[in-house]
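The values are calculated or read from the model by the stated rules, or taken from the named source; none is laboratory data. Just so we're clear, the structure is a prediction, and the values are computed from it rather than from any experiment. Cβ placement follows ideal geometry from the backbone for every residue including glycine, while neighbour counts extend to all protein chains displayed. Remember, those area values only see protein heavy atoms, side chains included, never the ligands or the DNA or RNA. Shrake-Rupley method; radii C 1.70, N 1.55, O 1.52, S 1.80 Å.
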Amino acid sequence: MKLKKSDREESKKSFIGKYYTQAFERIKNIHIGCFGGMDKPLLLISEQYPGLWIEHVYDSVLWAQLESSYLDIAENAINLFVDRQLDNGQLPFAVMDLNKRPDLSEVGAALYSQIQECVSFFTLALEVYEMNKNSAFLEKAYNSGKKWDEWLRKYRMTTNRGLIEMFVGYDTGHDNSGRLFGIGCRENYSVEGVIQGADKIPPEDGVTPILAVDMNSTFYADEMALAKMARLLGKEREADEWEKSAANIKKKIFEYCYDEKDAFFYDVDKGGNKRKYKSSTIFHLFMERVLDINSDKDIIDRIYREHIKNPNEFWTPYPFPSMAINDPSTKDHAVFNSWGYYTQGLIVLRCNRWMDYYGYGEDYDYILEKWAEAWSSCYDAVKFAQELDPKTGEPTKSSEWYSSCMIAYIYAARRLGYPTV
């Protein structure tokens with residue numbers, strides 16, 4: 001018998017409340033804990049990703065914003081990476097839980113073969129400071145940020161175009177994306193099976209080094225965060241210098257990456273050619289506030305209207321796909337863990353960083369409604385995994401019990417007013 005609409009709504013509310021509780025308890029009791037050899041709790045991503053990636057520090061920060069008693073989780077996540085910064089300024093892209101990866105115990109849990117920052121780490125550090133008001137924490141983060149900026153400029157500006165460069169596919173975290181076609185090292189750079197450090201330039205492939213839109217959006221946001229930190233620390237001259245430098249990064253992003261005819265920002269290869277893949281990298285310009293809500297309003301409106309809210313591109317039944325669905329590269333997408341097609345939990349979670357700010361809160365409500373609906377419908381088959389098909393809402397089995405998916409679900413239930421007991 002087909003349920004009435006009101007009955008279906010009540011049934012959905014019941015399921016969302018039930019699964020909310022399971023996700024919440026899973027994070028508290030299983031994902032939060034001490035990694036091997038460490039004495040401070042952290043937020044584990046999943047069993048498939050057995051540690052904490054720098055791009056997932058936002059999971060910890062948002063969790064602390066949702067649950068103030070877990071502020072230490074956010075502080076510990078920032079310190080985890082800052083404390084493992086190399087003398088030359090490089091930050092690790094991930095730190096593994098040696099309880100789950102004991103094979104790494106001899107070489108160490110911190111990994112340095114790619115960048116994969118993805119969300120401005122120093123903006124997140126500033127947000128943690130806004131919660132803890134710890135001046136020593138702020139000073140430590142600021143000094144770390146200066147060293148990271150120096151490392152990026154020394155090792156990742158090899159073509160002298162004023163922007164940092166992608167060397168390998170894993171720099172972006174966009175595994176299996178069409179935007180990586182033609183790159184010699186779509187994962188890491190290895191020599192005779194040994195993965196090289198992120199400061200090593202891979203062999204000539206005719207494409208890299210690439211000016212990547214997302215990486216430079218993060219670069220811009222880091223410098224803007226450092227400017228704000230400097231002012232808070234009474235370093236006015238340094239703050240002015242950071243702001244001036246960040247403004248130049250934005251200018252270069254527009255100069256190299258913006259296609260006015262298409263109203264889209266594209267990666268650019270070593271020869272200056274735009275790589276015209278309509279990737280979810282477009283969201284990073286919003287997420288990191290590269291696009292100014294006032295001075296760039298016409299560009300913002302056009303991008304949103306022509307691409308983001310376009311049902312043939314990113315406004316799919318389950319937004320947002322990691323590649324516009326009309327991009328030719330999607331026809332060859334991988335069957336799971338693909339940033340060349342699927343709607344990713346990370347994308348949905350990061351919408352929190354820009355959609356309300358730019359005035360698209362109602363659209364974000366819709367996205368969260370679809371996210372909660374999809375995971376409630378498939379829960380018995382797949383538990384809170386990494387990604388959904390943007391057209392059907394069907395999940396892949398990539399990384400069940402994924403922290404970003406669970407936190408997005410929890411946030412959706414609270415924001416939309418579903419029962420959460």
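Going through (1) closer than 24 Å to residue 122 by Cα; (2) in contact with a Leu (Cβ under 8 Å, 6 or more places away or on another chain); (3) exposed (fewer than 14 other Cβ atoms within 10 Å of the Cβ) one by one, residue 37 falls short only on (1).
Got at least one residue in region 102-117 being of a type outside the set (Gly, Ala, Ser), touching a residue at least 24 places away in the same chain (Cβ under 8 Å), in contact with a helix residue (DSSP H, G or I) (Cβ under 7 Å, 6 or more places away or on another chain) and surrounded by fewer than 21 Cβ atoms within 10 Å (Cβ to Cβ)? So that I can check it myself, show each step before the final result.
Filtering region 102-117 for residues of a type outside the set (Gly, Ala, Ser) gives 102-104, 106-107, 111-112, 114-117.
From the residues that got through so far, the ones that are touching a residue at least 24 places away in the same chain (Cβ under 8 Å) too are 102, 112, 114-117.
Retained after the next criterion (residues that are in contact with a helix residue (DSSP H, G or I) (Cβ under 7 Å, 6 or more places away or on another chain)): 114-117.
Those still in the list that are surrounded by fewer than 21 Cβ atoms within 10 Å (Cβ to Cβ) too: none.
No.
Listed residues 178, 184; which is over 17 Å from the mean Cα position of the chain (by Cα) and buried (at least 22 other Cβ atoms within 10 Å of the Cβ)? First the steps, then the outcome.
On the way: 184 fails: buried (at least 22 other Cβ atoms within 10 Å of the Cβ).
The match here is 178.
So, in region 75-89, how many residues would count as being over 19 Å from residue 29 (Cβ atoms) and open to solvent by less than 10 Å² (accessible area, probe 1.4 Å)?
Pass one, region 75-89, residues over 19 Å from residue 29 (Cβ atoms): 75, 78-89.
Cutting the leftovers down to open to solvent by less than 10 Å² (accessible area, probe 1.4 Å) gives us 78, 80-81, 89.
Summing the residues that are over 19 Å from residue 29 (Cβ atoms) and open to solvent by less than 10 Å² (accessible area, probe 1.4 Å) in region 75-89 gives 4.
Select, from 372, 385, 381, the only residue that is of a type outside the set (S, T, N, Q) and under 18 Å from the mean Cα position of the chain (by Cα). First the steps, then the outcome.
Details: 372 fails: under 18 Å from the mean Cα position of the chain (by Cα); 381 fails: under 18 Å from the mean Cα position of the chain (by Cα).
Within the list 372, 385, 381, the selection yields 385.
Restricting attention to region 378-387 and to residues that are surrounded by fewer than 21 Cβ atoms within 10 Å (Cβ to Cβ), closer than 15 Å to residue 345 by Cβ and not aromatic (Phe, Trp, Tyr), the residue that is modelled with the highest pLDDT turns out to be 383. Taken over region 205-233, the criterion of being assigned to a helix (DSSP H, G or I) and open to solvent by 10 Å² or more (accessible area, probe 1.4 Å) is satisfied by 215, 220, 224, 228, 231, 232.
Quick check on my filter: what residues within region 334-366 are closer than 11 Å to residue 408 by Cα and open to solvent by 20 Å² or more (accessible area, probe 1.4 Å)? Walk me through how you get there before you give the answer.
Here is the first cut: in region 334-366, the residues closer than 11 Å to residue 408 by Cα are 344-352.
Of everything in region 334-366, just one residue is closer than 11 Å to residue 408 by Cα and open to solvent by 20 Å² or more (accessible area, probe 1.4 Å), namely 352.
Condition check ((1) closer than 28 Å to residue 306 by Cα; (2) in contact with a helix residue (DSSP H, G or I) (Cβ under 7 Å, 6 or more places away or on another chain); (3) at pLDDT below 95) across all residues:
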| site | (1), (2), (3) |
| --- | --- |
| 178 | yes, yes, no |
| 214 | yes, yes, no |
| 230 | no, yes, no |
| 235 | no, no, no |
| 254 | yes, no, no |
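Checked against (1) outside any helix (DSSP H, G or I); (2) under 18 Å from residue 280 (Cα atoms), residue 183 meets all criteria but (2). Restricting attention to region 336-345, does a residue exist that is farther than 19 Å from residue 120 by Cα and either among the hydrophobic types (A, V, I, L, M, F, W, C) or out of contact with any Ser or Thr (no Cβ under 9 Å at 6 or more places or on another chain) (or both)? Looking through region 336-345, at least one residue is farther than 19 Å from residue 120 by Cα and either among the hydrophobic types (A, V, I, L, M, F, W, C) or out of contact with any Ser or Thr (no Cβ under 9 Å at 6 or more places or on another chain) (or both).
Return the residues of region 261-289 that are surrounded by fewer than 23 Cβ atoms within 10 Å (Cβ to Cβ), acidic (Asp, Glu) and farther than 16 Å from residue 308 by Cα; say none if nothing qualifies. 269 - this is the single residue of region 261-289 that is surrounded by fewer than 23 Cβ atoms within 10 Å (Cβ to Cβ), acidic (Asp, Glu) and farther than 16 Å from residue 308 by Cα. Listed here are the strands (runs of 3 or more DSSP E) enclosed by region 28-121 that have at least 2 residues being out of contact with any Gly (no Cβ under 7 Å at 6 or more places or on another chain): 32-34, 41-43, 51-53. Evaluation of residue 375 against the conditions (1) in a loop (DSSP other than H, G, I, E, B); (2) open to solvent by less than 10 Å² (accessible area, probe 1.4 Å); (3) not charged (D, E, K, R) shows that the sole unmet condition is (1). The residues on offer are 299, 347, 293, and the sole one that is at pLDDT 95 or above, over 15 Å from residue 177 (Cα atoms) and in a helix (DSSP H, G or I) is 299.
Only a single item in (1) farther than 22 Å from residue 353 by Cα; (2) among the aliphatic types (A, V, I, L, M); (3) touching a Leu at 6+ places or on another chain (Cβ under 9 Å) is not met by residue 249, and it is number (1).
Would you mind stating whether residue 314 is aromatic (Phe, Trp, Tyr) and within 23 Å of residue 388 (Cα to Cα)?
Considered against the rule, which asks whether it is aromatic (Phe, Trp, Tyr) and within 23 Å of residue 388 (Cα to Cα), residue 314 comes out as yes.
Number of residues in region 150-173 that are open to solvent by less than 10 Å² (accessible area, probe 1.4 Å) and assigned to a helix (DSSP H, G or I) equals 4.
Looking across 292, 327, one residue alone is open to solvent by 20 Å² or more (accessible area, probe 1.4 Å), farther than 21 Å from residue 171 by Cα and acidic (Asp, Glu). It is 292. Just one of the listed residues (36, 89) is small (Gly, Ala, Ser) and either under 23 Å from residue 398 (Cα atoms) or touching a strand residue (DSSP E or B) at 6+ places or on another chain (Cβ under 9 Å) (or both), and it is 36.
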